[in-house]
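Okay, structure first, notes after.
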Amino acid sequence: MKSLVVLTVAMGLVAGASAQTVYSLDASHVDTSVRSGYFRMGSPGEGRRRVEVNSRYLTIGGVPRIPVMGELQYSRMPRDRWEDEILKMKAGGVTVVATYSFWNHHEEIEGEFDWTGNKDLRAFVELCGRLGMAVYPRIGPWSHGEARNGGTPDWILRKKFLVDRSIDPVYQQYVERYFRQIGLQLKGLMWKDGGPVIGIQLENEYWKGKAGEPYMLWLKKTALKYGMDVPLYTVTGWGNGSIPENEVIPLWGGYPDESWTPNIEKIGSCDNYTFNSFRDDATIGNAQVRRKEGYDYSPDPYFTCELGVGIFNSTHRRPVIGSLDGLGLVMSRIGSGANLLGYYIFAGGSNPLGVYSTMEENKDETGYWSELSPISYDFQAAIRENGLPAPSYHEVKGMNYFLGEFGNLLAPMEPVFGKKGDFQYAARVKSDRGFLFGINYCRNNRRPVQRQVRFSVKLRNRTLVFPSEPVDIPDSSLFIWPMNMDLDGLQLEYATARPLYRNFDGSVWVFVQDADILPELSLSGEGVDSVGLPEGKGELVKGPHGYIVRRLRTGTDCVIGVKRKDGRRQKIIVLSREEGRQSWILTGYPEERHLYLSTSNLYTKANDVVVTDTVPIMHLSRLSERSGEFRTDEIRMAERKLSGQLYAKGALEEAQWLVTSVPAIDAGTLLYHREFQKEFSAGDPAKIRSAKLVLAAESECRVRFNDKWMDQPIEIEPAAIRSPGRGLVFVSQAMPDDDAVGFITPDAHRPIPDARHVPAIIGSRTIFDQ
C-alpha cells in the first residue's frame, strides 16, 4: 500500500510539473559573520544577565536573543491598572516594557516636579521588575507620542532666549535638571544593579543628521552623569536621524496607516508588506518627506521600536486597522533581518488633564500636523484603552512566542530575498538551516491566489525542494516554515507549519498551521526506528531518506509519534490555525513555562492563571509536559445579574447655588440684589482659546464684562476674553427665590475665597494657546 502511495505521488508530480510555480532562493553563500567590540555602550551586567551587542544581534548571557518590546505609558494609565496590563503584555509574549517619560506630565509648572500617582516612574519600573519584565525608558526630553508639544512643557517654549532641542546652554540647563530627576527616580534600578532598566532611548525623531550629533552625544553624556548607565543606548533612525557612530544604535519603525498625512485618501501602498533591506520607512512620522536610504547602516544591528499593530485616529483621518495589518508588517521586518521587535503602542491609554491645558497633540495650540482626542490614546493597540485584548493581540502573540522560543536560532541567520511580485517570500539562513517567510497579504488590497506553488532553497550543502505536492497560497497568508531544524536530535528537513513550543526535555514539540494549507512535515530517517500517525489525521509516506507526513488534519489529536533507535520517543503535535490563536505560553515563578489553549484571555499572576471572559463556561486546556497530551478543565462562573434604575439627571443637578442676602423675599425686599464679581488673569504670553460662563437663574440678571454691560442673561461666550491681561465679570441680579443662581467659572483652579460666593464648578475648562 505504501509503495502505491509513493507511485501515485511521483506520477502526480510529473503530470502537474508544467503547471507548477517554483519560487527559488539561493542562500548558499550567505555571510553570517558578525563584528563586535566597537559599540560604546554602558555597563552590560554580569553572568546570565550580561547584555552585549554586535553588528547583527544582541546576546543575553552569551545566548543570541530577539527581545520583544512593547510600549505601555505609565502616565497615561491609572496606577491601579498597571499590574494587570503588564501581565497581559507578558502573556502576549512581550519581554521588555518600553515607556515614554513626558516632561510636561512631570513639570507642567516650572520647577514643580510631580512623580506621584499615575506619574510615579520609580514605582512603575519597580513593578515591572517584580513581574519579571525588563524596562526601556524613553526619556526624551522631546518624546512626541502625540503629546502636547511632544512632551515639552509650555513654559519652555515661552522663554525668549532659549532654543529647544539643541545644545543651547539655557535649554541644556533645564534638560539637565529634568534628567537629574529621572536619574533619582531610576537610582538602583539599572541592569548592572540587578534592576530591570536594560536600555535608554534618547530624544525621538531628531531629524538633523550629522548636524544633530553633538546634541545627541550631550544627551547620552548627561544621562550617564545622572546614573543612567545601561547596556543599550538607542535613538530613532528614520528621517535623517542623528546617529553618532558607535555611540548609539538606530531603531526603526513602520505603521499600517498614516494618520498624520494631510489627506483622507485610502492608503494603497504595499511597501510595509515586502521583504527588503531598506530599513527606513518612507513616510513614518511625516508623509511630506519621501526618503531614500543613503547612510551605511551595515555596522548596526537591525532593531525596531515603533512597529504598529494599530495607529492613532486624528480628526481628519480615522483609519480602521485590521487584525492582520500589524502581523503582516511585523513579519516583513523579521523576515528582512530585524532582531529586536518593538511595538508602538502595545497597550493603549488615556491622556491626563493638565493644570493649564489638555495634553494632546493638536493644530491650534501646538502647531502640529494632527488634531487628536484630548483624552483617548487608544491607538487601536493590541491591548485597547479599556484593557481588553484586541483581535490583533491574538495574531501577534504567536509571532512573539516564536521569537521567544526560537529567537536564539533565528538571530544569527541572515536574510535572502526572493523576486519582487504580489507574493513576497524570503528566507533567513545560516549554513544549512533556516526559516522560510511568506506574505501574500497587503492592507486595503486583495492578493491573487498563488496556485500550485513549491519552493526551492539552495543552502550551503544541499537544495531543499518542498512541499512534496504543490499547494495553493490564498490571499491573507502569512507564514514561517522551518528548514533543517534540529528537534533535539531528530532532524526535521522542513515543515509547512510554524514551530510554537518545545517542552523542557525536547520530547514534545508543538507546531501551528499558519496558513490555509494542510501542513506537511519531512523527517530524516537517520537514527529513527519508526514514525506513527493516528488514523485519519493524514498520510505517512516512507521515502529513501526518511518520512513525509502530509495532508495533516490538524488539532490537539494530530500527534506524530517518533521512536528513535536510541530508545527515545518524541511527539510532534500540529495545531490548527484557530488553536494557534488560542495558544498561550505562560510563565510562572520563578521561570516555569506551560502551554495552554483557551478561547478566553489568560495571564499568570504569582503562580495563578487568571482566566477572563464574558461567557458562563470557560475551557482551559494544558499540555502535560511529560505525556504530551492536552488536558481540559471546565470553569463555570457563578451567575450574576445586574440591576439598575434609570433616571434623568439635570445638567445643574450637582451645582452649588448662591443664596440671597436676606432671609425671605417679599414685595418689600425685591430691591435687594445679590452682586458678585469674579476676577481672573490670562497673563502674557498665554492666550485663552475659549471660555464659557453659564448662568442659571429664575429671573433676569445683568452681566458686565470688563466694564461693558452685556444683554445675555443666560449664557455668554465673550470674545474679549481672548485678549491677554485682566478680566472682570460682574453680575447683578434681583433675588426672587432663596436658591437663585449658579454659574461656571472660566478658571476652575482659583475659587473665590468667600465660601458664600463659591461658584458651581461643573466641567468648565480654560484652554490656552501656545
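The values are calculated or read from the model by the stated rules, or taken from the named source; none is laboratory data. Keep in mind the model is a prediction, meaning the values are calculated, not measured. Methodologically, a virtual Cβ is constructed for each residue, glycine included, from the backbone with ideal geometry; neighbour enumeration extends over all protein chains shown. For the accessible areas, the whole protein counts, side chains as well, though only heavy atoms, and no ligand, DNA or RNA atoms are used. Shrake-Rupley method; radii C 1.70, N 1.55, O 1.52, S 1.80 Å.
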*All but one of (1) in a helix (DSSP H, G or I); (2) farther than 27 Å from residue 171 by Cβ; (3) not aliphatic (A, V, I, L, M) hold for residue 132; which doesn't?*
(1)
*Which fully enclosed strands (runs of 3 or more DSSP E) of the range 496-588 have 1 or more residues being in contact with a helix residue (DSSP H, G or I) (Cβ under 9 Å, 6 or more places away or on another chain)?*
498-502, 508-512, 539-542, 546-550, 583-587
*Quick one: in the range 486-506, of everything that is within 30 Å of residue 449 (Cα to Cα) and open to solvent by 10 Å² or more (accessible area, probe 1.4 Å), which residue is farthest from the chain's Cα centre (by Cα)?*
493
_All but one of (1) at pLDDT 95 or above; (2) open to solvent by 30 Å² or more (accessible area, probe 1.4 Å) hold for residue 236; state the number of the condition that does not hold._
(2)
*Can you name the condition, by its number, that residue 411 falls short on among (1) open to solvent by less than 40 Å² (accessible area, probe 1.4 Å); (2) within 19 Å of residue 272 (Cβ to Cβ); (3) in contact with a Phe, Trp or Tyr (Cβ under 7 Å, 6 or more places away or on another chain)?*
(2)
*Would you be able to tell me the number of residues in the range 384-401 that are open to solvent by less than 10 Å² (accessible area, probe 1.4 Å) and among the basic types (Lys, Arg)?*
1
*Of all residues in the range 64-79 being among the basic types (Lys, Arg) and farther than 21 Å from residue 402 by Cβ, which is surrounded by the fewest Cβ atoms within 10 Å (Cβ to Cβ)?*
79
*Report, by residue number, each residue of the range 613-648 that is surrounded by 15 or more Cβ atoms within 10 Å (Cβ to Cβ) and either polar (S, T, N, Q) or closer than 17 Å to residue 510 by Cβ (or both).*
620, 621, 622, 623, 625, 628, 629, 630
*Considering only the range 339-383, state which residues are hydrophobic (A, V, I, L, M, F, W, C) and surrounded by 19 or more Cβ atoms within 10 Å (Cβ to Cβ).*
340, 341, 345, 346, 347, 359, 372, 379, 381, 382, 383
*asked:* Tell me the residue from 150, 145 that is assigned to a loop (DSSP other than H, G, I, E, B), at positive phi and open to solvent by less than 10 Å² (accessible area, probe 1.4 Å), please.
replied: 145
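Residue-by-condition table, conditions (1) crowded, with 20+ Cβ neighbours inside 10 Å; (2) touching a Gly at 6+ places or on another chain (Cβ under 6 Å); (3) within 30 Å of residue 585 (Cβ to Cβ); (4) modelled with pLDDT under 95:
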| residue | (1), (2), (3), (4) |
| --- | --- |
| 32 | no, no, yes, no |
| 38 | no, no, no, no |
| 49 | no, no, yes, no |
| 62 | no, no, yes, no |
| 82 | yes, no, yes, no |
| 92 | yes, no, yes, no |
| 100 | yes, yes, yes, no |
| 103 | yes, yes, no, no |
*asked:* What's the total number of residues in the range 589-632 that are assigned to a loop (DSSP other than H, G, I, E, B) and touching a Leu at 6+ places or on another chain (Cβ under 6 Å)?
replied: 1
_Being open to solvent by 20 Å² or more (accessible area, probe 1.4 Å), within 22 Å of residue 440 (Cβ to Cβ) and hydrophobic (A, V, I, L, M, F, W, C) is the filter here; which residues of the range 253-281 pass it?_
267, 270, 278
*Please work out which residue is most open to solvent (accessible area, probe 1.4 Å), limiting yourself to the range 462-476 and to residues that are under 18 Å from residue 428 (Cβ atoms) and assigned to a strand (DSSP E or B).*
463
*asked:* Condition (residue is free of Cβ contacts under 8 Å to residues at least 24 places away in the same chain and under 16 Å from residue 189 (Cα atoms)) applied to the range 117-133: is it met by at least one residue?
replied: yes
*Give the residue that is surrounded by the most Cβ atoms within 10 Å (Cβ to Cβ), with candidates limited to residues of the range 16-30 that are at pLDDT 95 or above and either under 35 Å from the mean Cα position of the chain (by Cα) or not β-branched (Val, Ile, Thr) (or both).*
27
*Could you tell me whether the range 88-108 includes any residue that is under 30 Å from residue 371 (Cβ atoms), in a strand (DSSP E or B) and over 19 Å from the mean Cα position of the chain (by Cα)?*
no
*Taking strands (runs of 3 or more DSSP E) that fall entirely within the range 17-62, which contain at least 2 residues that are farther than 25 Å from residue 297 by Cβ?*
21-26
*asked:* Out of everything in the range 317-338 that is farther than 22 Å from residue 72 by Cβ and in a loop (DSSP other than H, G, I, E, B), what residue ends up being most open to solvent (accessible area, probe 1.4 Å)?
replied: 318
